[in-house]
Amino acid sequence: MARPSSVDQLEPEIRDEIGRLRGNGHTLDEILAALRELDVTSISRSALGRHVQSMEKVGQKLRHSRNIAEALVRQLGDAPASRSAQLNIELLHSVILDLNLASEEKADADGLAALKGNPEGIMLLAKAIDHLTKSSKADIDNQQQIEARVEKRLKAQAEQHVVSEAKKRGISAETVKALMEGAFGVKKQ
């Protein structure tokens, strides 16, 4: 197994700062100068360049995967799940696409060739897809439950404020009921 690069050995905060600076369009030299200001002297320009290049390759793969996932979502007419669940689905889509689109000559031991004649590997990939699908649905269900609780709480607060204000102004209970039904869809029995 390969040894972690000098950049990978840095604290997560420093790596995040490198990503943030690169994301804001800073050059390698500017990032290196910022690292020096943070007393990080163990990183060479070439190591930083390899790290940034690797980040950009991963970013490119994620953008490609995201574009494909969004096209599929538009085509199927389904609303996307939360960004976290969606990102996991996109990553798996990317892996599946890489496996399917790789030609036999390009496939390596970790790719399509590893799945050929390996029903267990194919089954595990199918299980991963199934689990992601279920997680996505659970995430959507959870979001809907949260929205329902928030809506219920907001309606209760609105009713409380309307009733309180109605009492101050001497508005009848029937008028309050009509306001609540009309404005907020709250029906009292």
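Only the coordinates and a few stated rules stand behind these numbers; no lab work does. Treat the numbers as computed from the prediction; the structure is a model and nothing was measured. Here Cβ is always computed from backbone atoms with ideal geometry, including for glycine, and neighbour counts include all displayed protein chains.
Put +1 on the Cβ of each Lys and Arg and -1 on the Cβ of each Asp and Glu in the stretch 1-42; which of LEU21, LEU32, VAL7 then has its Cα farthest toward the positive end of the dipole?
VAL7
Counting other C-beta atoms within 10 Å, which of ASP130, ASP39, ASP139 has the fewest, and how do the rest follow?
Ascending number of Cβ neighbours within 10 Å: ASP39, ASP130, ASP139.
Where in the stretch 44-60 is the amide nitrogen less than 18 Å from a point lying 7 Å along the Cα-to-Cβ axis of ASP8?
Only 44-59 fall inside the zone, counting backbone N under 18 Å.
Take GLN157 and ASN24, extend 7 Å from each Cα along the Cα→Cβ direction, and tell me the distance between the two endpoints in nm.
3.5 nm
Determine by what factor the alpha-carbon radius of gyration of the stretch 1-77 differs from 2.2 N^0.38 Å, reporting the quotient.
1.38
Strictly over 26 Å apart at the Cα level, which of LYS57/LYS134; LYS61/LYS127; LYS152/LYS177 would you flag in this model?
Distance filter (> 26 Å) returns LYS57/LYS134.
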